[in-house]
Amino acid sequence: MKDLSAPGMTTAIRGASVILEDGLAETDVTLAGDRIAAIGDSAPADREIDGRGLVLAPAMVDVHGDAFERQVMPRPGVYFPQAQALMETDRQLAANGIATAYHALTLSWEPGLRATARGEEMIAALEGLAPRLSVENRLQLRWETFAFEAVPVIERALTGPLLPAIAFNDHVSMQMRDFDMPLQTRPFEHGPDYRAAHFDDPRLTARIAGSARRAGIEAGEYLYRLRQVWDRREEVVAMIRRIAAAGRSVRAPMLSHDDSQLAGRRFFRQLGSRISEFPMTPALAEAAHREGDAVILGAPNAMRGRSHLGSVSAGDMVEAGLCDALASDYSYPAMLAAVARLDAEKRADRAALWALVSSGPAAAMGLEDRGRIAPGLRADLVLVDWPAGGDPAIRCTIAGGRTAYLSEPRGQVRGSA
């Protein structure tokens, strides 16, 4: 079998409607090895792909996806081997047109699915499997800042081959906030206005019930563990500074998660984090964007037309020009579906919408070699069957010049964009 991603081997995709940086054009795109070689070149190639009636777009870049957890734990308390879970996740990514994915790997003080030890196992499994996977599987170390046991794991990972991103999460303070503080507008967790709930408040048991189920323990045991880590509170800021310094030393992308106040965003910006991931109000998203931070919102939010937490509307932020990237969050298919809905709603032109899942996230992560269709960039591309007025479907995913996914419709005539 020919290695069509090898240097000197060429592939030509003929006659597709190509999403370029400045709009759409019906043209040919030629690949040489793992790079895009030319646009509009009609010379013969070693392999030719008929793109007529299809849309050719940059492959998607996912900066935050935790749907892999369903492969790791398909039922509560039922764990599958990490290698099998990752290989199945890789197939799902390719089938959904995602050629670069940052798995949002939670490193928590909780036992069970998100335990730090289990996360460490996944890091090792991914490092070993990387050459066998069809798309580029990366890591976002989704660090729960009260999980001090995760600090050495993060520091080792930052010197490893995967160069992960770091996301600062604080679900402990979110769980412990006073009951008169709405989630979306809660004060900054380490600011003077933050107030904590009491452990003897019966409402706290109801609040943590879902987390206890995920951790595989009873609510009483969860509250006991929560009380123990809450005693670490005065040391958390120092640990955040330590991890941020380690991230800066290797130029790792750093994100703050579920921002509710500008004071919190500015705190993390001063530490080198220039990405606001899932800001919870329009005002916070606007302020972060105004100060030059990248704003990441959830594709499921845009696909559904609302946030499942009642936070900022991704569609409205896209239309206002305040969103730089859409992430899969908990659903890989949501990235394509979100673009389709926003396109149908005319929130922006199609090229600008596609940038939210390609060049926007690539730029936020500092990945200058992908996310656009231009000569010299990585040959990460998708062919999309996108009939007028219909739902789009991925037909082919090319990752680094290799065919990662290929599908032909059964007895159907190709649509056109």
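In table form, for the structure just shown:
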{"quantity": "Distance from segment 234-250 to segment 133-167 (C-alpha centre basis), Å", "calculated": "13 Å"}
{"quantity": "Interatomic Cα distance distribution for segment 141-240, bins of 10 angstrom, percent", "calculated": "13, 42, 33, 11, 1"}
{"quantity": "Choice from Gln175, Gln228, Gln71 showing the highest fluctuation, given a GNM over the chain with Cα pairs closer than 10 Å", "calculated": "Gln228"}
{"quantity": "Estimated distance in nm for a label pair at Thr281 and Thr403, the labels positioned 7 Å out from Cα along Cα-to-Cβ", "calculated": "5.2 nm"}
{"quantity": "Cα principal axis extents for segment 60-364, largest first, Å", "calculated": "52, 43, 38"}
{"quantity": "Residue of Met73, Met335, Met365 that the Gaussian network model of the chain assigns the largest fluctuation, springs spanning Cα pairs under 10 Å", "calculated": "Met73"}
{"quantity": "Structure-based [θ]222 nm, the chain - -39500 (n - 2.57) summed over DSSP H runs of at least 4, per residue, nearest 500", "calculated": "-9000 deg cm²/dmol"}
{"quantity": "Cα Rg over Rh - segment 294-417, Kirkwood", "calculated": "0.97"}
{"quantity": "Ranked list, fewest to most other Cβ atoms within 10 Å of each Cβ, for Glu277, Glu21", "calculated": "Glu21, Glu277"}
{"quantity": "Segment Ala25-Thr159, extension gain: residue separation times 0.36 nm, minus the distance between their alpha carbons", "calculated": "44.0 nm"}
{"quantity": "Angle between the chain longest axis and helix 82-95 axis [Cα atoms, degrees, rounded to 10]", "calculated": "50 degrees"}
{"quantity": "Hydrodynamic radius by Kirkwood, which averages 1/r over all alpha carbon pairs of segment 213-366, in angstrom", "calculated": "16.8 Å"}
{"quantity": "Most fluctuating residue given options Ala287, Ala337, Ala327, as computed from a GNM of the chain linking Cα atoms under 10 Å", "calculated": "Ala287"}
{"quantity": "Helix axis angle, 116-129 relative to the chain longest principal axis, alpha carbon, degrees", "calculated": "20 degrees"}
{"quantity": "Mean Cα-pair separation over length for segment 1-73, i.e. relative contact order, pairs under 8 Å, 6 or more apart, %", "calculated": "33 percent"}
{"quantity": "Extension gain from Arg227 to Glu48, taking 0.36 nm per residue of separation minus the Cα-Cα distance", "calculated": "58.3 nm"}
{"quantity": "Chain lengthening between Gln270 and Ala388 when straightened (0.36 nm per residue, less Cα-Cα)", "calculated": "37.8 nm"}
{"quantity": "Relative contact order of the chain, pairs being alpha-carbon contacts under 8 Å that are 6 or more residues apart, as %", "calculated": "20 percent"}
{"quantity": "DSSP-defined beta bridges in the chain - what % are antiparallel, rounded to 5", "calculated": "45 percent"}
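Here, each number is a calculation from the coordinates, and none is a lab measurement. Quick caveat: nothing in here was measured; it's all calculated off a predicted structure. Cβ coordinates were reconstructed from backbone atoms using ideal geometry, including for glycine residues, and neighbour counts include every protein chain displayed.
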